[in-house]
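For reference, the structure discussed in these notes is given below.
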Amino acid sequence: MVKQGDFEIVASPFQAVLNDLHSKYKLLQDGAVANYIPELAKVNPDLFSICVVTVNGEVYEVGDYKRLFTIQSISKVFTYGLALSDCGRDYVLTRVGVEPTGDAFNAIVLDEQSKRPYNPMVNAGAIATTSLIQGANPTERLNRVLDMFRRYLGHDVFVDMSVFTSERSTGHRNRAMAHLMLNFGMIDHNIEESLDLYFQQCAVMVNCQDLAVMAATLANKGINPITTEQAVDGRYIKDILSVMHTCGMYNFAGEWAYKVGIPAKSGVSGGIIAVVPGKMGIAVFSPLLDVRGNSVRGVKVCEELSFQLGLHLFDCLGNGRRKKEEGRKKNVRF
Ligand code: GLN
């Protein structure tokens, strides 16, 4: 406890929970940094930060929360929101499904019947989503994407050029997916333009604090809780959170939904965001990944945070009417 003038400042118990999780899991060294995008392999594997932003704009953070890294797949959540605003729910659904794949994030797979990519949270679906972003030319489309990120973050954003060019020159698997989708008429002929925009959105630089503000914006009806700017139409929040919940952690999405129980999205640079609707956004950054491409420490921190704070969406203990006997004991009126 600290005394300041007439006030007593009590260290927040919530901050103490984050500090404890950080001290505990920084000892965990499992996993490996992504290296299929050569520039990502240069990251310091020890970096580790946790940040929580509430819908009231309170910020709690620990570790390297100011350190910049590229957003990678977490961008897919936000470009999906922009595509929904640009083209409407019905049209977007004709181009990208909402079914989990159970496959890796970079699987080259389309729905047998509809030929759509399965969902917007895996690479094929995200490339199709990005191809829907409106604009007269590539510069206008990029600027619209950057401006969208600015609304979520509350400040200007930039593309890391070395990561962008590194992925652009090695991303043959993503290029193969784009060609497959072109073959089935799921994206238009400008595939190099769409791929460039996809690689650029993945190379947008953020820090852990930025990610938590973005997650808190999704928790707060699309309104950035720090700047109060509307970042995305609130009508699309349920679409975005639904696909995050079922598909955001790739082929770990089922176990994540079971254990952590809140919509989330991860990226290969080591970030994870998780959204507690109406309450808070959570972000963890640690570049050591498991075999599915999810941050090892990020998964552990979210599992424990969800358990300690009772965040699982389907954890109904403590809510609703009590059993008759309990009710009587506690003097609850029926
Ligand atoms: N840019 C990366 C890719 O397309 C993003 C993948 C990820 O973060 N899971 O492979």
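Worth pointing out:
- Alpha-carbon radius of gyration plus Dmax, which is the widest Cα pair, for the chain in Å: 20.5, 71
- For the pair Phe314 and Asp103, a Förster radius of 30 Å applied to the C-beta separation gives a FRET efficiency near 0.75, rounded to the nearest 0.05.
- Cα-only radius of gyration and Dmax that characterise the stretch 114-176, units Å: 13.5, 40
- What the phi angles of the stretch 13-24 give under the Karplus curve with 6.51, -1.76 and 1.60, with θ = phi - 60°, is a coupling list of x, 5, 4, 5, 4, 5, 4, 5, 5, 5, 5, 5 Hz, glycine and proline written as x.
- Taking the longest Cα principal axis of the chain as reference, the axis of helix 161-170 is set at about 60 degrees.
- For Val33, the residues whose modelled amide H falls within less than 5 Å of its own, excluding neighbours fewer than 5 places apart on the same chain, are Leu289.
- In this Cβ point-charge picture (+1 for Lys and Arg, -1 for Asp and Glu), the chain has a dipole of about 1240 debye about its Cα centre.
- Mean separation of Cα contacts under 8 Å, 6 or more apart, over the residue count of the chain: relative contact order %: 24
- Helix 208-219 and the longest principal axis of the Cα set of the chain meet at an angle near 80°.
- Diffusion of the stretch 1-152 by Stokes-Einstein, at 25 °C in a medium of 0.890 mPa s and with Rh set to the Kirkwood radius over alpha-carbon pairs, works out to 129 µm²/s.
- Karplus 3J(HN,Hα) series, Hz, for the stretch 227-243 with 6.51 cos²θ - 1.76 cosθ + 1.60 (x for Gly, Pro): 8, 6, 7, 6, 8, 8, 4, x, 4, 9, 4, 5, 5, 5, 5, 5, 6
- Degrees between helix 172-183 axis and first principal axis of the chain (Cα, 0 to 90, nearest 10): 70
- Listed peptides 292-302, 72-82, 217-227, 109-119 by packing density, highest first (mean Cβ within 10 Å): 72-82, 292-302, 217-227, 109-119
- Cα coordinate range in the stretch 69-144, projected on the principal axes (Å, largest first): 34, 33, 17
- Spread over its residues, the convex hull of the C-alpha atoms of the stretch 109-236 is 119 Å³ per residue.
- Taken one residue at a time, the phi angles of the stretch 297-305 give Karplus couplings (6.51, -1.76, 1.60, θ = phi - 60°) of 5, x, 5, 4, 4, 5, 4, 6, 5 Hz. Gly and Pro are set to x.
Every number in this text was worked out from the coordinates using simple rules, so none of it is lab data. Worth saying up front: this structure is predicted, and the values here are computed from it rather than measured. Ideal geometry is used to build each Cβ from the backbone, glycine not excepted, and the neighbour counts take in all protein chains shown.
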